[in-house]
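Presented below is the structure to which this report refers.
Every read-out reported here was derived from the displayed coordinates using simple, explicitly stated rules and does not represent laboratory data. Since we're looking at a predicted model, the values are computed, not measured. Every residue, glycine as well, gets a Cβ built from its backbone with ideal geometry; the counts of neighbours run over all protein chains shown.
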Amino acid sequence: MFHDPTIVGSWPALAARLDGDASLVRWAATEPGLAGLSSVHDLLAVWAEGYTDDRRDAVLAALVRLAAVDGGRDDDALLLTLHLLSGLVRTMARQLADLNPDILAVVVGELACQIRCYPWRRRPRAIAANLRAETRRAVLAELRPSSRYHPDRVEVLTATGDITRIASASAGEEGEDLDVVDLLQWAVRSGVDAEDVALLIATECSRDRQHRCADQAVAAAHGITTRTLYRRRNRTLTTLRGVARQYLAAVA
């Protein structure tokens, strides 16, 4: 588990909330992988060494479905999954420590995005390995891009200048073409924070100019820390990936 509450929130507070709300009992009603787990203590016992990988995989699969945008979209399930995968995060952060001074926040943010958008219907097994691989791939694409044609990158221009360029916006699992300008305007009208969208755009514009300290410069300009920048940016990306599907359905 993460013991630093600034990473994904307080673990003791989350555990107390889950038990107080009987969340595991409620989740188990629709997720057979959580059957027999009535408390966080029960869950951690299953997660601990000594239980079969199949059981752990079933628990993780259930939590990812609950956390995914096209599943339960449960925030507590997302936080719980991030805490359970804290070892994966720490290992990856150590391996990629040279890429960014706040690499832990970057990895956590990207893992959260991968969980929210995990294609659990198509990839129901080996979820931890899949999340590890996709998170690493996305972090490297973000911090050490070898090509401007990363599959998750979409470029857009606007005449107004309010939206000049955005990268890392998902076009959906089937790779549909999006009018990203219209998508962003639609997203803001649907409640996505306009300031967070502007912050995301600012980081992409700075990165496009290949400024070595682009993220730090954007954070300073907005009066926030780089860690806060990464959290807000990743939160916006997660929201936009979910909104993209709603947008495609609305304009179909």
Query raised in the report: Looking at VAL89, LEU140, LEU78, which one has the Cα that reaches farthest to the positive end of the dipole of the stretch 11-143 (charges on Cβ: Lys, Arg +1; Asp, Glu -1)?
Result: LEU140
Report task. Please list 97-109, 25-37 highest first by mean number of surrounding beta-carbon atoms within 10 Å per residue. Result -> 97-109, 25-37
Query raised in the report: How big is the charge dipole of the stretch 11-143 about its Cα centre, in debye rounded to the nearest 20, if each Lys and Arg gets +1 on its Cβ and each Asp and Glu gets -1 on its Cβ?
Result: 380 debye
Query raised in the report: Quick one: what does P(r) look like for the stretch 1-76 with 5 Å bins over all Cα pairs, in whole %?
Result: 3, 15, 23, 28, 21, 9, 1
Requested in this report: Compute the convex hull volume of the Cα atoms of the stretch 56-147, divide it by the residue count, and report the result per residue in Å³ as a whole number.
Outcome: 91 Å³
